[in-house]
Amino acid sequence: MRIAIGVDSHKETLTASAVDELGRQLDAREFQNDVAGHKLAFEWIGSLGLERVVGIECSGSYGAAFSWFLMARGEDVREVPPALSWRERKRRPSAGKSDPVDAVAIAQVTAREQHLPIPKREGLLVDIRLLNTHREQLIRTRTQLANRCHRDLLILKPGYQTFVKSLRSKKNVRQAMGLVDGDPGVRAELTRTRLETILGLDEQIYQVAKKIESKLEQTGTSLTEIKGVGPFVAATILGTVGDISRIRSKAAFASFAGTAPLPASSGMRHRHRMNRGGNRQLNRALHVIAKTQSRTVPEAKEYITRKMQEGRSYKEALRCLQRQLSNVIYRTLIEDARRTAAAA
């Protein structure tokens, strides 16, 4: 008899439930989400039977370490998307919502679904995501400091902006430091400290950018061959999407990216509205590509013009272009994955 174990993972605990092939609960336990708890959970799983599969929700975050722990010991581990376990719980609304109920739902999904993905260990794509997120955080911090320095410099040196156009370049930052050099006031001292911090952040941003470019080369991605896709847009796409095999179709990818328009018709009026769902980072990356292509690529320009002649606004036409570009990105990711698999 094949047994399915569902694990609902949280920061401090792992709630596990075992069900048979018909989805009937056999046993349930709760373990600490630490090394000792992982060992106890592994012993419990081993006592359930030889033919078993373990489904883990949040296997990329709170359940990641436990997933790797089990896979290193030969267990058949699968990732259960939260959407599937949510649908499973909806079948039994009277059961309410709790960790044991969630674990049963995860186990039942694991028992029923035959093509759940295998959790991925940290690799190139995770590295790219982490580096890209770190770079964006550094840029936000730099922007906040630059804005504060701008306000202080307007007080310390009224009209300074006629000499220093902005605080975006290292040259301009050093010029701004020269304006307050020797000023003993507290505001000037804090401004000098912030400007020095900005120079340090510029160096960090540069180094992280070089690492991202190096990681992208290692992936062999062809995303950067698409007009409007620079290294950091490509990093956002790869880091956000991860394993493209988890997304079953172009339509599913468009839904994930928030580029699939939603019906908003009423009466005789037939229209679609913008999809505000999906992953907003991926949606922003597609928006950047669409904006770039609408200015530089003749085919994209013609597409935008044609949509506007059909009565759409520029923003609506741009969203249509984003939808088409999501298909292009999806095909490119699939082709890259197939080429990588063939090379391996």
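Magnitude of the charge dipole for segment 231-343, about its Cα centre and with charges confined to Cβ atoms of Lys, Arg (+1) and Asp, Glu (-1), is about 400 debye.
Exposure proxy shown here: for GLU136, GLU12, the number of other Cβ atoms within 10 Å sets the order, fewest to most, as GLU12, GLU136. Which aspartates and glutamates have a Cα lying under 12 Å from the Cα of LYS170, excluding residues fewer than 8 positions away in the same chain? Here the aspartates and glutamates satisfying the reach criterion relative to LYS170 are GLU196, ASP202, GLU203. Among VAL288, VAL77, VAL173, VAL186, sorting on how many other beta-carbon atoms sit within 10 Å of each Cβ, with the fewest leading, yields VAL186, VAL288, VAL173, VAL77. Which of the pairs LYS227/LYS250; LYS210/LYS307; LYS210/LYS301; LYS210/LYS250 have their Cα atoms more than 29 Å apart in this structure? Checking Cα-Cα distances, LYS210/LYS307; LYS210/LYS301; LYS210/LYS250 exceed 29 Å. In this Cβ point-charge picture (+1 for Lys and Arg, -1 for Asp and Glu), the chain has a dipole of about 1940 debye about its Cα centre.
Match the structure shown to one of the listed values (i) 62, 44, 44; (ii) 79, 59, 47; (iii) 73, 42, 42 of Cα extents along the principal axes in Å, computed from it, and give that label. Given (i) 62, 44, 44; (ii) 79, 59, 47; (iii) 73, 42, 42, the structure-derived one carries the label (ii). Secondary structure note: in segment 1-127, about 60% of the DSSP beta bridges are antiparallel.
Ordering SER17, GLY63, THR236 by the projection of their Cα atoms onto the charge dipole of the chain, which places +1 on the Cβ of Lys and Arg and -1 on the Cβ of Asp and Glu, puts THR236 at the extreme positive end.
Taking amide H as placed 1.01 Å from N in the peptide plane, the amide H of THR13 sits under 5 Å from that of ASN33, each at least 5 places away or on another chain. What is the sum of charges around ALA28, taking Lys and Arg as +1, Asp and Glu as -1, for the other residues whose C-beta is under 14 Å from the C-beta of ALA28? Net charge in that neighbourhood comes out at -4. Ignoring lysines fewer than eight residues from LYS97 along the same chain, the ones with Cα atoms less than 23 angstrom from its Cα are LYS11.
Read-outs: derived from the displayed coordinates by stated rules, not from any lab. Fair warning: this is a prediction, and the values are worked out from it, not measured in the lab. Heads up, the Cβs are rebuilt from the backbone with ideal geometry, glycines too, and the neighbour counts pull from every protein chain shown.
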